[in-house]
Amino acid sequence: MTSTKTIPVDEEITLAQLDTDPYPIYQRLRKENPVLHVKAARRTMLTKAEDTRFVKATPDLFSTNDPSTPMKRAMWSHTLMRKDGQEHRRERMAMNGAFSPKVIANDWLPHYEKVAREYVDRLPKGEVVDLFDALSGPYAARGLAILLGMDEATDEQMQEWSQALIEGAGNFGWQDKLFERSDLANEQIHALLDSITDRHLAQPNNSAFSLMLNAENPIPKKQMYANIKIAIGGGINEPRDALNTIIYGLLTNPDQLEAVTRNNDWDKAFEEGIRWVAPIQVSSRVAKEDVEIRGYHIPKDEVVMTIQASANRDEDLYQNGEEFDVYRTDPGPHQAFGIGPHLCQGNRVARKAVGEIMLPILFERFPNMRIPDLDQVVWKGFGFRGTTQLPVLLA
Ligand code: HEM
């Protein structure tokens, strides 16, 4: 395919800037350079919604198998996230039963509600508490442990493993120290899975691990373990960060909180929260052949980065996209859960766990919650983004 334009190259944007606050940069890129090779990220960034959608929805042209990422090294195996076509489908389907609406409703939601009440009840009323540590992280960890079938793991273990695997998978500097931490997580996860295999074989159930183990035509054990690990790496941060973002959005917009509470619009608050600050901000795809986007020539093997964080604020789709507005007149569809064959497998369960269960329980228990000092709220992240500190007065 021929094209008139070559991709411009940026040498000024830094990873530190993106980590601190990428949104002003994306706003500028959408206007001036929607297709831009950013040297610091070593990728061609796509910031317009139409382009990110095109890439993700066209797997024939764009592969998820980006060989330049350290994910395989960090997870000790190729996970389903980096596979295409039939191979990807087979592995995804192996645990799909655990994510079906019926299983979510019958098997997981009763547990989640119990955990949500218990974790909210143990929060100290009248005190300032960092919800990141005290609620959002542990709740996300417990929900995932239940769904995967590894109830034996503690919340602390799940969170440490998740962080270690994510940092390993993002270890583009190939630092030994980060891989040592992810290696330890791999060892501990493998040991736990080995130790609970007999239980799941003796008592088959709808958890992801049990369904994979008891399948008629099971995928190799190495792949079961790999995909449990990608779920651990990808299933804790996002519900945790989504929850914190939505709490922040509502507490800083009391009129919206009042309306959401009155109308029971927690599902709307959830969607707006993850549109506003997408917990997974970016994804990578590799061009399988020469292709053209917005008149630019994307050569075969070029790694393009779809910035869903930016797509979700695109002026073509949203007025005041930079604002948190639960009652916006242009609510969607956002791209926070991705698009196409790799659409987030956990999207339904995350919507329920956070939007339907945790938010109403938390705001019912602490209707006068507030953030005493906005300066104490810390936002961070280029690949994954959320508040790393959310001190709230529980009232
Ligand atoms: C608000 C919460 C969540 C958000 C915003 C989110 C976002 C995403 C996104 C954007 C992707 C696609 C990445 C890509 O296209 O390369 C993805 C994939 C995935 N997510 Fe989520 N996620 C969330 C929660 C969860 C949970 C709770 C689980 C597990 C219980 C989960 C499991 C997965 C898996 C297994 C994949 C890989 C799917 C595949 O490659 O076929 N996610 N997620």
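The values are calculated or read from the model by the stated rules, or taken from the named source; none is laboratory data. Everything numeric in this text was worked out from a predicted model, so none of it was measured. Every residue, glycine as well, gets a Cβ built from its backbone with ideal geometry; the counts of neighbours run over all protein chains shown. Areas reflect the complete protein model, heavy atoms only, side chains present, ligands, DNA and RNA absent. Shrake-Rupley method; radii C 1.70, N 1.55, O 1.52, S 1.80 Å.
Within region 156-169, is even one residue in contact with a strand residue (DSSP E or B) (Cβ under 9 Å, 6 or more places away or on another chain) and at pLDDT below 95?
The answer is yes, given that some residue of region 156-169 is in contact with a strand residue (DSSP E or B) (Cβ under 9 Å, 6 or more places away or on another chain) and at pLDDT below 95.
For region 167-285, which helices (runs of 4 or more DSSP H) that fit wholly inside it have 2 or more residues that are without any contact (Cβ under 8 Å) to a residue 40 or more places away in the chain?
Details: elements: 176-202, 208-213, 221-235, 237-251, 254-263, 266-276.
By residue number, 176-202, 254-263.
Of the residues in region 71-84, how many are in a loop (DSSP other than H, G, I, E, B) and touching a helix residue (DSSP H, G or I) at 6+ places or on another chain (Cβ under 7 Å)?
Residues that pass the stated criteria total 5.
Restricting to region 37-70, and then to whatever is outside any loop (DSSP other than H, G, I, E, B) and touching a helix residue (DSSP H, G or I) at 6+ places or on another chain (Cβ under 6 Å), can you tell me which residue is farthest from the ligand (Cβ to nearest atom)?
40
With respect to residue 158, is the statement that it is closer than 17 Å to residue 225 by Cβ and not in a helix (DSSP H, G or I) true?
no
Which residue, of 349, 291, 354, is touching a strand residue (DSSP E or B) at 6+ places or on another chain (Cβ under 9 Å), β-branched (Val, Ile, Thr) and buried (at least 19 other Cβ atoms within 10 Å of the Cβ)?
Sole residue among the options that is touching a strand residue (DSSP E or B) at 6+ places or on another chain (Cβ under 9 Å), β-branched (Val, Ile, Thr) and buried (at least 19 other Cβ atoms within 10 Å of the Cβ): 291.
Name the residue, out of 213, 178, 201, 165, that is within 20 Å of residue 92 (Cβ to Cβ) and out of contact with any His (no Cβ under 9 Å at 6 or more places or on another chain).
Checking each option against the conditions leaves just 165.
If you scan region 322-339, which residues turn out to be buried (at least 23 other Cβ atoms within 10 Å of the Cβ) and more than 12 Å from the ligand (Cβ to nearest atom)? I'd like the intermediate steps shown before the answer.
At the first step, the residues of region 322-339 found to be buried (at least 23 other Cβ atoms within 10 Å of the Cβ) are 326, 335-336.
Across region 322-339, the qualifying residue is only 326.
For region 273-288, which residues satisfy the criterion of being more than 9 Å from the ligand (Cβ to nearest atom) and either touching a His at 6+ places or on another chain (Cβ under 7 Å) or charged (D, E, K, R) (or both)?
Result: 275, 288.
Pick out the one residue from 102, 114, 72, 48 that is of a type in the set (D, E, K, R) and either open to solvent by less than 30 Å² (accessible area, probe 1.4 Å) or in contact (Cβ under 8 Å) with a residue 40 or more places away in the chain (or both).
48
Step by step: first the residues of region 301-310, then only those that are away from the ligand (no atom under 11 Å from the Cβ) and outside any loop (DSSP other than H, G, I, E, B), then the one that is surrounded by the fewest Cβ atoms within 10 Å (Cβ to Cβ). Which residue is that?
Once the filter is applied, the top-ranked residue is 303.
Any residue in region 370-393 that is over 30 Å from residue 172 (Cα atoms), within 13 Å of the ligand (Cβ to nearest atom), touching a residue at least 24 places away in the same chain (Cβ under 8 Å) and surrounded by 16 or more Cβ atoms within 10 Å (Cβ to Cβ)?
no
Among the listed residues 293, 274, identify the single one that is aliphatic (A, V, I, L, M) and within 18 Å of residue 64 (Cα to Cα).
One residue alone meets the criteria, 293.
If you check residue 298 against the conditions, is it within 16 Å of the ligand (Cβ to nearest atom) and open to solvent by less than 30 Å² (accessible area, probe 1.4 Å)?
Here the answer is no, as residue 298 does not meet what is asked.
Just one of (1) more than 16 Å from the ligand (Cβ to nearest atom); (2) open to solvent by 30 Å² or more (accessible area, probe 1.4 Å) trips up residue 361, so point out which.
It fails just one condition, (2).
Name every residue in region 85-118 that is part of a helix (DSSP H, G or I) and small (Gly, Ala, Ser), in order of residue number.
85, 94, 97, 98, 105, 116
All but one of (1) outside any loop (DSSP other than H, G, I, E, B); (2) away from the ligand (no atom under 16 Å from the Cβ) hold for residue 351; which doesn't?
Single failed check for residue 351: (2).
Yes/no matrix, rows are residues, columns are (1) within 14 Å of the ligand (Cβ to nearest atom); (2) within 12 Å of residue 207 (Cβ to Cβ):
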residue	(1), (2)
95	yes, yes
100	yes, no
106	no, no
111	yes, yes
118	no, no
124	no, no
130	no, no
135	no, no
144	yes, yes
